[in-house]
Amino acid sequence: MKTVKVGMIGFGTIGAGVAKILTQNSEIIKRRLGAAVELVKVADLDIITDRGVKLASDVLTTSADEVINHPDIDVVIELIGGYEPARKFLLQSIAQGKHVVTANKALLAKHGDEIFSAVTEKGLSIGFEASIGGAIPIIRSIREAFVANRIQTIEGIVNGTANYILSKMSDENCDFDTALKEAQEKGFAEADPTFDIEGIDSAHKIAVLTRLAYGTPVSFDDITVSGISDISSEDIECAREFGYRIKLLAISKYDGEKIDIRVHPAMIPVAHPMANVNGVLNAIRVCDDMMDENVLIGHGAGALPTGSAVVGDVVEIARNILSGVGERLPAGSFQEVKNIPLKGISEIESEYFLRFSVVDHPGVLSKISGILGKHSISIESMIQRGRGDRGEGVPLVMMCHKANEKNIQSALKEIEELDVVCEKPNLIRVER
Ligand code: HSE
């Protein structure tokens, strides 16, 4: 029986998951593939820490070159994350004629063109299912299952850590720091957790999905990004009272002319298919001209869900190798890449949730509603809480009908300057 040989660079949380799946389920893989998949070299700077997986003593090495230049290795898996040296290792592996598999969304968001071109030039394959949504087969769905359809919207909860934090704050009244610490301990968070919290990881993922869905490369720097660090328990509670949940959403919508791409916390109605996707679960909603809406839900982070996606890619590539097929699908999913202009955030329209901290005096509400009215913003409903002591701010929250983002921003700027407003107003966009 033939053996497909695999090397891996990076033996952290996900690497350990991949090694566990390849060893523990090797018989299943062999039966389903008709060949064995053997992990022959694993490189990491730390080969001392026990990862809970037993590998033969000659498998571990501290040298990535031993993987890249290994004459028998067919597929190199990159799991070190970050831009460098991950980019260099992938390009060197491709130059050596190795197929590659990566979970590195940051790298693909920034250097996707270079890496995809290198793979295509060499007639090799690249698997990157694990870069988005952990175990959810979203890349395969877009590239293969939905290949004939014109995607109009791709959006979702694509960061497990942020979703874990928001869910815990909402359901268990857990504070932000405790929830983050738990997510880190469970191995969901990025090496730098600000990537999770500030929406950067979600932006990397939506950049990669946008390229796949519409065939256009998007520069990460052009995406409007805000994270969840300004979300308070009060926002979560008010959202619930209005009939919504707060989720960190990555959004990419194509109206035929421009792409509206952004990452921010959003209020979604409780009946929305993604409203009850909690904890580390991710959800990705795809709308197109043929199927209306599909929502894929699954484990978005962690060693085994993400490891499963990596192994799935390895087996897919192994199938191609065994059947003598080279590159079966263009890496970026489109044969021809086109540049579609992006919509600036000031061009969008949305419904809004606004939270103000105001002094509790007569006439305050009319001042605020007057400014909103002047900017053509219509209030749908409102809650005012408590009665603060003299000088202390009380929360005033409102839902506004659909309005222009530019008008909302101008109104908030004016409201912030009122002497009855105690803090910078908070805005959360509503998505349906
Ligand atoms: N840090 C990421 C998350 C891991 O929390 O979703 C998966 O990309």
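Readers should treat all values here as calculations from the given coordinates under stated rules, not as data from a laboratory. As the structure is a computational prediction, the values presented were derived from the model and not from experiment. Don't worry about glycine lacking a Cβ; one is built from the backbone with ideal geometry, like all the others, and counts go over all protein chains shown.
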For region 348-430: span of alpha carbons on each principal axis (Å, largest first):
39, 20, 18
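Tell me which trypsin sites (Lys or Arg not before Pro) from region 244-284 have a DSSP coil assignment and no more than 16 other beta carbons within 10 Å of their own. Please list the in-between numbers first.
Values: sites: Arg245, Lys247, Lys253, Lys258, Arg262; in loops: Lys258.
Counting only loop positions with at most 16 other Cβ atoms within 10 Å, the trypsin sites (Lys or Arg not before Pro) in region 244-284 are Lys258.
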If you split all Cα-Cα distances of the chain into 20 Å bins from zero, what percentages do you get per bin, shortest first?
25, 51, 20, 4, 0
Where trypsin sites (Lys or Arg not before Pro) fall in DSSP loop in region 33-94, at most 15 other Cβ within 10 Å:
Lys54
Quote to one decimal, in nm, the extra length available between Lys181 and His361 on full extension: 0.36 nm per residue of separation minus the C-alpha distance between them.
60.7 nm
Dipole magnitude of the chain, debye to nearest 20 (Cβ charges: Lys/Arg +1, Asp/Glu -1, about Cα centre)
1060 debye
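If the chain between Asp113 and Ala145 were fully stretched, how many nm would it gain, using 0.36 nm times the residue separation less the Cα-Cα distance? Let's see the in-between values first.
Values: separation 32, 0.36 × 32 = 11.52 nm, distance 2.33 nm.
Result: 9.2 nm gained on full extension.
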HN-Hα J in Hz across region 401-412 - Karplus 6.51, -1.76, 1.60, θ = phi - 60°, x for Gly and Pro:
5, 3, 9, 7, 4, 4, 5, 4, 5, 5, 5, 5
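Under the rule that an exposed site lies in a DSSP loop and has at most 10 other Cβ atoms within 10 Å, name the longest stretch of the chain with no GluC sites (Glu not before Pro) of that kind, not counting the sites themselves. Mind dumping the intermediate values first?
Values: sites that count: Glu257, Glu336, Glu417.
The segment 1-256 is the longest one with no such site.
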Return the distance in nm (one decimal) between the two label points of a simple spin-label model at Thr3 and Ala36, each offset 7 Å from Cα along Cα→Cβ.
0.4 nm
Given Cβ charges of +1 for Lys and Arg and -1 for Asp and Glu, the option among Ile348, Leu372, Ile415 whose Cα lies farthest towards the positive end of the dipole of region 348-430 is Ile348
Which residue, Gly312, Ile259, Ile154, has the largest displacement toward the positive end of the dipole of the chain when charges sit on each Cβ (Lys, Arg +1; Asp, Glu -1)?
Gly312
Check: C-alpha center region 148-183 vs C-alpha center region 1-65, spacing in Å is 30 Å
For Lys343, the lysines lying under 20 Å Cα to Cα, once residues fewer than eight places off in the same chain are dropped, come out as Lys110, Lys205, Lys253, Lys258, Lys402, Lys406
DSSP beta bridge pairing in the chain, given as percent antiparallel to the nearest 5:
65 percent
